[in-house]
Each structure stands twice: as structure tokens, then as C-alpha cells.
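Let me begin by presenting the structure, written as C-alpha cells, before commenting on it.
The values are calculated or read from the model by the stated rules, or taken from the named source; none is laboratory data. Computed from a predicted structure; not experimentally measured. Neighbour counts are summed over all protein chains in view; Cβ atoms, including those assigned to glycine, are modelled from backbone coordinates with ideal geometry. What goes into the accessible areas is simple: the full protein's heavy atoms, side chains included, and nothing from ligands, DNA or RNA. Shrake-Rupley method; radii C 1.70, N 1.55, O 1.52, S 1.80 Å.
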Amino acid sequence: MNFSIQSAKTVDEAVEKALLELKATRDEVDIEVIEEPSGGFLGLIGGKDAIVKVRRKMDHKDIVDSILKDEEIESVRSVLDEKAKEEAAAESEEEAEVPEADEVEEENEQAEDATQEPAFEYLNDEELEDLIREYIDRIMSAIKLGYTLSVDFNENEIFVSIDGKREETGIIIGKHGSTLNGIQIVLSAMVNQRSEEFRRVIVDCSGYRKRREQVLKRIAGKTANKVLKTNKSIKLEPMNAQERRIIHACLANVDGIRTRSEGKEPHRRVVIHKDTSQPS
């Protein structure tokens, strides 16, 4: 069990009950107060207990590391580490301000490098699906969560969807999808080491990607309106390439607005600014 919901007369009492059930200490958990206690009328009638949700802390690196143990998967991690070093060394300090409407190209280039000298035998789609299912099962077993899994092949894309109870799958998603993105990166590397052609791998959990896309579109629209009102550029929070593409696409046809990306991974972010090429 990774979380516990408890009620008691006070928040502290409810937390202690949850810690007892989880067999954890306070520094090992995150505490969310769902409802504060109330005394009711004259402290006698209609009082309500405190309700808390206590969840074990688990960083997305802990989840991924927990299944990266055998020699084969460790080699995938080495490929990712080397690729990151190469890109960091090659990137110029003065980056051209070009909109990232076509960042798929970056993924293709990365995949080509990964498949030039295959370390493993190529697999067919059925074998790739077995590989994906085994990888996801190792993660879910490590954190003891029930789930269902669907794997769909569509031309050069593979959609992997993990489904489970919404109140439990948050640990797989992580803050702003950080855990899910980590799982996707490693799985993509594993798949493309064993595939003759580049396969774009998308991992979702309980419909998170669609919800996140809607949030990003709202952020893009509100930020663009603010840029038009203030004439000042605004930098968004760091995002992965997939999320940056959503922002660029959302604002591509908005009059008076331009977007670009700046910075180095994993801190690369979208900058929304006024289009100075248009007459005022």
C-alpha cells in the first residue's frame, strides 16, 4: 500500500493512524489534509473529524531505478547518458531563435543514432509488445499497484496506456508527468534498440496526457493574451519536447504572437513573445 486515508478528531491523530498503517515515518510521506476538523455548534452538535491522505514519497528516479537492474536495461541507460552528454557538448551557447513546430525531427535523429549499431537482435511487433508489457509489469510490481495495460501499434507509433484507480496512479504520473516521462524515455530507448525503424513511443496513464494537453492549451492562451496586453515576453516552465510542441501548435496561428524555445534539456522552455514583424 502506498497511501492511506484516515479520519480522527485532530489532523495529527489522523496522520498518526495513517503512518501506523503504512509503517512509515513523517519524513517518508507526503501529507494532504482533505478536511479540517470542526467542533460543531457549541462544540457538541455537528462536529466533523479531520480527514487526511498520507502517501509514501517516491521520486520518479526511484521508480525507474527500481527496475533498471539487469545488464540489458543498464545498457539502455548508458545510451541515454551518452546521448545527453553529446547533445550538451554540441549545443551552441547562442541558440538560434527558431520555433519548434517540428521537434519530431529531433526524435528521429536521436532514434537513428540509437539504431546505427544495434546491441540486440531486432524484434517484430509481437515481441516488442512482450518487451513493453514486461517492462511495465516490473514497474507496477515494484510499487505494488493493480493495473490494466493496452499496447497499440499505429504505423511508426506505439501507444502504451496504463489504467488503474485514479487515486493510486498519481505516483506513476508524478508532478507534471515527470515519472511518466521518465518511464517513456527509457521504454523508447529499449524499443528503438530492438526495432529496425524508428518507433515513437507514447506512454499514458489514466488519461493523463489528454488532461495535461488541455491544461497546456489553457496556459498558452492565457499567456498569449497577457503578452499582447503587456508587450512583454513570458517564459513558461520547463517542458519536454512533446509538451513544447503542444504550446507551439496551439499558438502557431495566433495573430501578433510568436513562440520559440530556449535553454538546454531538461530545462528547455517555451518563450511566448510579440510578433514584431507585424505592423502595430
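Summary table below
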quantity: Residues satisfying the stated conditions in region 254-272, i.e. under 30 Å from Ile185 (Cα atoms) and modelled with pLDDT of 90 or more; calculated: Arg258, Thr259, Arg260, Ser261, Glu262, Arg269, Val270, Val271, Ile272
quantity: Every pair of residues 6+ apart whose Cβ atoms lie under 8 Å, when the first sits in region 199-221 and is on the phi > 0 side of the Ramachandran plot while the second is crowded, with 16+ Cβ neighbours inside 10 Å and among the β-branched types (Val, Ile, Thr); calculated: Ser206/Ile162; Ser206/Thr169; Ser206/Ile173
quantity: Test: residue in region 217-226 that is modelled with pLDDT of 90 or more, under 16 Å from the mean Cα position of the chain (by Cα) and not aromatic (Phe, Trp, Tyr); calculated: no
quantity: Test for Glu168: is it open to solvent by 30 Å² or more (accessible area, probe 1.4 Å), in contact (Cβ under 8 Å) with a residue 60 or more places away in the chain and in a helix (DSSP H, G or I); calculated: yes
quantity: Those strands (runs of 3 or more DSSP E) lying entirely in region 186-280 with at least 1 residues in contact with a His (Cβ under 8 Å, 6 or more places away or on another chain) and open to solvent by 30 Å² or more (accessible area, probe 1.4 Å); calculated: 257-262
quantity: Index of the failed condition, His176 passing every other in (1) over 17 Å from Glu157 (Cβ atoms); (2) in contact with a strand residue (DSSP E or B) (Cβ under 9 Å, 6 or more places away or on another chain); calculated: (2)
quantity: Set Ala18, Ala24: member being part of a helix (DSSP H, G or I) and either modelled with pLDDT of 55 or more or open to solvent by less than 90 Å² (accessible area, probe 1.4 Å) (or both); calculated: Ala18
quantity: Residues located in region 123-163, provided they are among the aliphatic types (A, V, I, L, M) and loosely packed, with under 12 Cβ neighbours inside 10 Å; calculated: none
